[in-house]
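Report on one structure; see the data block that follows.
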Amino acid sequence: MKQYELSDFMRDFPDEKSAYDYVLAVKDPPFKVWRRPRGNAFTDRKGQYYNPLSGTIFNGSRLPLDKKFFAVFLIHYSPYMSFNELSRRLDITFQTAMKIKRKIAPLVDRRKGFIKQLRELVKGDRIE
C-alpha cells in the first residue's frame, strides 16, 4: 500500500473549505448544510446553528481547519518535530505550535494510516 504523501495531502485539502467538506462527510450522523451564512457557521433545516467540529480536538481554536489538518499530518509523519519547526511550517507563532503539538501528539497513533487517524480525530473517537 502506498504511503500518504505531502502531494496527496495538498491535493485532498487545498483550502479550508475542502477540510470542512471532509468533516461534514465523516461526522456521524452526517450533517446537511442548508446554508452557510458567514464563515464557519452552519445551520440545519430548522435554522439552528451548530458547529461541525464540536466533540473533536479541532474545536475551540481560531486556527484555520486546513492548518490543523496539516499539523496532524506533520506530527503523524514527524513525531519528533520541534515546536520551532512546526511553527515555521504552519506559519504560526511558537506558542500556538506548542499548544497544537501538545494537544495532538498524544492522540496520534503512527501504526495507523494518516487518513484513518484523521477520520478518528474528526469523529471525536479519541478525545481524552
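Grab the helices (runs of 4 or more DSSP H) fully contained in the stretch 65-128, keeping just those with 1 or more residues being touching a residue at least 60 places away in the same chain (Cβ under 8 Å) and closer than 16 Å to GLY55 by Cβ.
Ranges flagged: 114-123.
At pLDDT 90 or above, of a type outside the set (Ser, Thr, Tyr) and surrounded by 13 or more Cβ atoms within 10 Å (Cβ to Cβ): is that true of LEU121 in this structure?
Taking the combined requirement at face value, the residue does not satisfy it.
Do we find that PRO52 is loosely packed, with under 14 Cβ neighbours inside 10 Å, at pLDDT below 95 and on the phi < 0 side of the Ramachandran plot in this structure?
Details: loosely packed, with under 14 Cβ neighbours inside 10 Å: no; at pLDDT below 95: yes; on the phi < 0 side of the Ramachandran plot: yes.
So PRO52 does not fit the description; no.
Please list, ordered by first then second residue, the pairs with beta carbon atoms under 6 Å, 6 or more apart or interchain, first in the stretch 5-24 and more than 16 Å from LYS116 (Cβ to Cβ), second at pLDDT 90 or above and not in a helix (DSSP H, G or I).
Between residues of the stretch 5-24 that are more than 16 Å from LYS116 (Cβ to Cβ) and residues that are at pLDDT 90 or above and not in a helix (DSSP H, G or I), the close pairs are GLU16/PRO64; ALA19/PHE13.
The values are calculated or read from the model by the stated rules, or taken from the named source; none is laboratory data. All figures in this text were calculated on a predicted structure; none of them were measured in a lab. Note that each Cβ is placed from the backbone with ideal geometry, even for glycine, and that neighbours are counted across all protein chains shown.
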